[in-house]
Amino acid sequence: MLILPMQRKLDWREPPFLTIALLLVNVFVFLFFQVGDSSKYESVSEAYKNSGLLYLEAPYYGQFLSRQLSEGKHIEPTWIQTVESGAEKQDFSAFQHSMMMDFDFVSYLDESKNTIWDKSDASDWEQTRVDFYHTELKKISTFQYGFVPNEMDPSRLFTSQFMHGGVIHLLGNMLILFILGFGLERMLTRAKLLLVYLLTGAVGALAYGLSNFDSNIPLVGASGAISGMMGLYVGILGIQKIRFFYFIFAAFGYFRAPALILLPIWVLNELLQLWSHVDSGVAYLAHIGGLVSGGILGWAFKSTWLRPKEDELAQEDESEALFRKQYAQALSDIEELRFKSARNRLFALWKKRPEQLFLLEHLFHLYKMQPQSKQLHIVMSQWIKHEIAPFSDGFWKCLEVYVVQAQGAKMLSTSSRLKIIEAAMNDEQFRVLEQLLPLIDERKHHELMLRAVKQLKQHFKTTTHILKADEYDAWLTRLTS
């Protein structure tokens, strides 16, 4: 789930110089510091072997993985077999790197050292592991500058914010940073925004560190600081209604809601992710720390230190009032039969507020009197694109008129047809389903067709439409033959 405040359109007349600078610093650090780590891993792996740790630890790695599997961790049994077979044959190439970097395994050995080795060997292993960590692993940038919870180095609360775990991690964070920064730089001075960015990022890292205080795994990424910006945004705007962009599974679009109401939703989502993805490696607590600290700062200081440069709230009130006025004028046009003027007003409003689907419903009713008009098909295509299942009764009534009376089914894209067919099966909208099903390629969408034809056959059989039931029975026979 992704929900981002999108109050303003991107406007390059006022470039977000701080945001661009932060983007460039993050990309520079990744390209010129972190990319070189891949070659360093080879020398570190060789040092691991030469230190004797490889031969000391390898016999117990399969045992450790078996214990993790029994505790419900996601471990492939075939992987355990590979490790045990390799250890037996003294061929460690398949799992040497994984074992070297598995700090849960190191903790396991530390707990069991006096059981699996004698006192002298246990002491030697412990000292060698400590030396290896400080002299070899510290050569890798994430261990140098990432925030390691059991070391609690304050400086790395900040340096870790400019490092990332990979290209996808970097690109995802930078995209969200760019979107948020564009809006926030219009509201705050760059110095204040930078300070909040660094501070909330540090709070996020600290929240993660305090909950994993014995961990040697370094935390990297700008996620805590970016979450802090999200919290700051809604904290400053408070209960004012603003526009949000959402992306949930395959559905996306816009909606308006009081800004601050999204803060607990964001936090709850992070908690659910934390509880359901225990071994994901994602620092959800860093996100929560950033969100909460940013929200508190924004709410507490929105009238003083973090007062927006321009009166964002007044502008939003003015924009909302203008929308209501123009919508009222459109309704007045409809009452007085000035349909062309009403259509023009509603189209203009919808372009400004694409998340307001009720505008499309008005437009549909205005254009359905002209079933062959191009505009009717444009309106319905956009409505289908933005409507989220489960569809409303009003939408289904309009859609049925569109596909049956206006014969619009042939005008829809394949993706729109498939979306409606899935929803029609769930909502038992059989008239719509009947119209769309013959337009789908049976070979490309065989499973969908099979389910839909079965459902129509059962429907007509139940409602004693024998001829139609027989028709779909024959279709079903053809699909299954």
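Need one word for the stretch 384-435: rounded, prolate or oblate. Basis is the Cα gyration tensor (sqrt eigenvalues a ≥ b ≥ c); a/c below 1.5 gives rounded, then a/b vs b/c decides.
Numbers: a/c = 1.36, a/b = 1.16, b/c = 1.17.
Taking the square roots of the gyration eigenvalues as a ≥ b ≥ c, the stretch 384-435 is rounded.
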Legend entry - In sequence order, calculated HN-Hα J values of the stretch 223-234 (Karplus, 6.51, -1.76, 1.60; Hz; x Gly/Pro): 4, x, 5, 5, 4, x, 5, 4, x, 4, 4, 6
Inset, instruction - Work out how much length E88 to T414 would gain on full extension: take 0.36 nm times their residue separation and subtract the Cα-Cα distance, in nm to one decimal. - result: 111.7 nm
Inset, instruction - Round to the nearest 10 and report in Å² the accessible area of S392, as given by a 1.4 Å probe over the protein chains' heavy atoms. - result: 60
Legend entry - Computed label-point distance, nm, for sites I296 and Q458 using a 7 Å Cα→Cβ extension: 5.3
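Can you order the peptides 408-419, 209-220, 435-446 by their average number of other Cβ atoms within 10 Å per residue, highest first?
Numbers: 408-419: 16.0, 209-220: 17.8, 435-446: 14.3.
Going by the mean number of other Cβ atoms within 10 Å, highest first, we get 209-220, 408-419, 435-446.
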Legend entry - Residue-span extension gain [S123 to Y41] - 0.36 nm each, minus C-alpha spacing: 26.9 nm
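DSSP loop (so not H, G, I, E, B), at most 12 other Cβ within 10 Å: list which chymotrypsin sites (Phe, Trp or Tyr not before Pro) in the stretch 225-278 pass both filters.
Values: sites: Y233, F244, F245, Y246, F247, F249, F252, Y254, F255, W266, W275; in loops: F249.
Of the chymotrypsin sites (Phe, Trp or Tyr not before Pro), the ones in loops of the stretch 225-278 whose Cβ has at most 12 other Cβ atoms within 10 Å are F249.
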Legend entry - Separation in nanometres of the label points that stand 7 Å from Cα toward Cβ, at E428 and H134: 7.2
Inset, instruction - May I have the pair-distance distribution P(r) for the stretch 264-308, computed from all Cα-Cα distances with 10 Å bins from 0 and rounded to whole percent? - result: 27, 40, 22, 11, 1
Inset, instruction - Distance between Cα centroids, the stretch 24-100 to the stretch 117-172: provide it in whole Å. - result: 15
Inset, instruction - Once you have all Cα-Cα distances for the stretch 21-173, histogram them in 10 Å bins from zero and send the whole-percent values. - result: 10, 33, 33, 20, 5, 0
Legend entry - Degrees between helix 53-70 axis and first principal axis of the chain (Cα, 0 to 90, nearest 10): 40
Inset, instruction - Determine the share of the stretch 148-253's accessible area contributed by carbon and sulfur atoms, expressed in whole percent, with a 1.4 angstrom probe. - result: 75
Legend entry - Efficiency of FRET from Cβ geometry, K385 and S66, R₀ 35 Å, rounded to 0.05: 0.10
Legend entry - Ordering of 345-354, 179-188, 287-296 by burial proxy (mean other Cβ atoms within 10 Å per residue, highest first): 287-296, 179-188, 345-354
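Provide the FRET efficiency to the nearest 0.05 for the I248-D393 pair, computing r from the beta carbons and using R0 = 25 Å. Walk me through the numbers on the way to the answer.
Details: r = 22 Å, r/R0 = 0.89.
Using R0 = 25 Å, I get an efficiency of 0.65.
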Inset, instruction - Report the calculated FRET efficiency for E400 and S481 (r = Cβ-Cβ distance, R0 = 30 Å), to the nearest 0.05. - result: 0.40
Inset, instruction - Mind giving me the nanometre distance, one decimal, between the label points for K241 and E76, set 7 Å out from Cα along Cα→Cβ? - result: 5.1
Legend entry - Entry for P(r) over Cα pairs in 20 Å bins from 0, in percent (calculated from the structure that is shown) out of [x] 18, 42, 28, 11, 2, 0; [y] 23, 52, 22, 2, 0; [z] 18, 36, 32, 12, 1: [z]
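Taking the mean number of other Cβ atoms within 10 Å as a proxy for protection, how do you rank 472-481, 371-380 from highest to lowest?
On the way: 472-481: 13.5, 371-380: 16.7.
In decreasing order of mean packing, 472-481, 371-380 become 371-380, 472-481.
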Legend entry - Accessible area expressed per residue, the chain, with surrounding protein chains retained (probe 1.4 Å, Å²): 52
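The values are calculated or read from the model by the stated rules, or taken from the named source; none is laboratory data. Nothing here was measured: the structure is a model prediction, and the numbers come from that model. Backbone-built Cβ (ideal geometry, glycine too); neighbour counts: all protein chains shown. Just the protein is used for accessible areas: all its heavy atoms, side chains included, with ligands, DNA and RNA removed. Shrake-Rupley method; radii C 1.70, N 1.55, O 1.52, S 1.80 Å.
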